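Data first, discussion second: the structure below is written as structure tokens.
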Amino acid sequence: MDFHLTKFQQDIFELVKDVSIKKLNDGNIFEDDDKQAFSREKWKSCAETDIFALSLEEQYGGMGESMLTMALAIQALGRYCNDEGLIFSACAHFCTCIVPIWQLGTEFLKEKYLPKLLTGEYIGGNGSTEADAGSDLSSMITKVTKDGNDYLLNGSKIFVTNGPIADVLILYGIHQDGIKLANISGFVVEKGFLGASVGQTFHKMGLRTSPLAEIILNDCRIPEENLLGRERFGIMGFNKSMYWERILMSAYHLGAMEQQFNIALDYSKKRKQFNTRIKDFQSVSNKLVEMRANIETSKWLLYNVCWKYDTGKVDLADASMVKLVVSNAKVKNSLDAVQIFGAYGYMKEYLVEKQLRDSIAATIYSGTSEIQKKIISENLENIDG
């Protein structure tokens, strides 16, 4: 196990850092947050780093790099870009749309969609959650029926990241015969497909620059060739998405915690009370120590699971472990950062207030912490301590 970075990994990290500082932090993030404004200019600048193409094979426009390289690029985004909603949308685009097409799609689907998704010309997303079906996918009621050479989807999906702006969505539905999880199919659905429309848009506590919406499916007609992989193999596509998402969202969380720590440390050295830097009060320095320890723990867990994947060891429990630990650390560090800033940390003019709001959903999306614990508990005997 060797985490010394290659020259390419160092270069991509520096490239993402440079673009983040010069282009992704343009404008007023607080105004964008208030307005829930997604920036296509920032999206374009982010895509121009080729971040979406890192892990895919060259034949699809990719670079054939490792998962660790991809995670390092996302970590750099988290560390230097202060628009966490943009980062969240980018992770969802890659993990929930590009990954299932890349790993399960036919050559037709790969050749048709991947080039534009990798360059960011298309924006992608995923619709699996329903009003009564979140963690329990078998409870979904969106119906799949066959109509000649097409499929029809009827139902609705909620909390679809990138829903209002997506050009391509991976949508899941359940056949009316068969056994629950073995009965779900996934489909590549383009904007403009007959019967698919954007419904309610949602107003969120945090990650507000990442748009979220309901997708309504009323006899949505999908060509047979847009079936993702094989019929009734949808849960496989969903699991592959979640595996990557739990890891890359953790990479974003790690970078965001590094950015936040540096802000809090700098403030603690400048802020004085009783003629003493607050950093020199043990109650504050203890918080900084714990924040740093959370960062280092998260980093080694993340890099380790990436190394395992890159050496052929794929385990859903590993991804769940990373997601559980890192998401909890992000919330804890955000609370500590606000406490270090005191009343200023509660004000919208300070980034730590926004960072706290952005952190809260970390333990919910990509599977709640409770679901991660369930997955880990079912695999305890297989975890090599």
### Query
Using a basic spin-label model with each label point 7 Å from the Cα along Cα→Cβ, how many nm lie between Glu370 and Glu290?
2.5 nm
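Asp34 to Glu349: extension gain in nm, 0.36 nm per residue of separation minus the Cα-Cα distance?
112.2 nm
Membrane-span-like helices in the chain: DSSP H runs reaching 15 Å or more (Cα, own axis), mean Kyte hydropathy at least 1.0? Numbers along the way, then the final one.
Details: long enough: 7-19 (18 Å, -0.23); 67-80 (20 Å, 1.05); 107-118 (16 Å, -0.30); 234-270 (53 Å, -0.24); 282-310 (41 Å, -0.47); 316-341 (38 Å, 0.66).
Answer set is 67-80.
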### Task
Report the calculated FRET efficiency for Asp266 and Asp26 (r = Cβ-Cβ distance, R0 = 30 Å), to the nearest 0.05.
0.85
### Message
For the pair Glu111/Met63, report the inter-label distance in nm, with labels modelled 7 Å from Cα in the Cβ direction.
### Response
2.6 nm
### Query
Most fluctuating residue of Lys269, Lys240, Lys191 in a GNM of the chain with Cα springs under 10 Å: which is it?
Lys269
### Message
Checking the cross-link filter: which aspartates and glutamates have an alpha carbon closer than 12 Å to that of Lys299, excluding same-chain neighbours under 8 positions apart?
### Response
Glu258
### Query
If the label point is 7 Å along Cα→Cβ of Glu41, which residues in region 15-30 have backbone nitrogen under 16 Å from it?
19-30
### Message
Ranking request for peptides 164-173, 219-228: highest mean number of other beta-carbon atoms within 10 Å first, then the rest in descending order.
### Response
164-173, 219-228
### Message
For the pair Leu380/Thr145, report the inter-label distance in nm, with labels modelled 7 Å from Cα in the Cβ direction.
### Response
4.7 nm
### Query
Could you state the number of Å between the C-alpha centres of region 1-55 and region 273-308?
24 Å
### Task
Pull up the cross-link candidates among the lysines for Lys44, meaning alpha carbon to alpha carbon under 17 Å and not fewer than 8 places away within one chain.
Lys17, Lys22, Lys23, Lys116
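Provide the packing ranking of 101-113, 252-264, 32-44, 70-82, i.e. peptides ordered by the mean count of other C-beta atoms within 10 Å per residue, highest first.
On the way: 101-113: 18.2, 252-264: 23.5, 32-44: 16.2, 70-82: 25.2.
My ranking of the peptides, most packed first, is 70-82, 252-264, 101-113, 32-44.
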### Query
In whole Å, how far is the Cα centre of region 353-371 from that of region 85-157?
22 Å
### Task
First measure r as the distance between the Cβ atoms of Trp300 and Leu5, then evaluate 1/(1 + (r/R0)^6) with R0 = 22 Å and state the FRET efficiency to the nearest 0.05.
0.90
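Read the figures in this text as sums done on the coordinates, not as results from a lab. Note that the structure is predicted; figures quoted are calculated from it, not measured. Cβ coordinates were reconstructed from backbone atoms using ideal geometry, including for glycine residues, and neighbour counts include every protein chain displayed.
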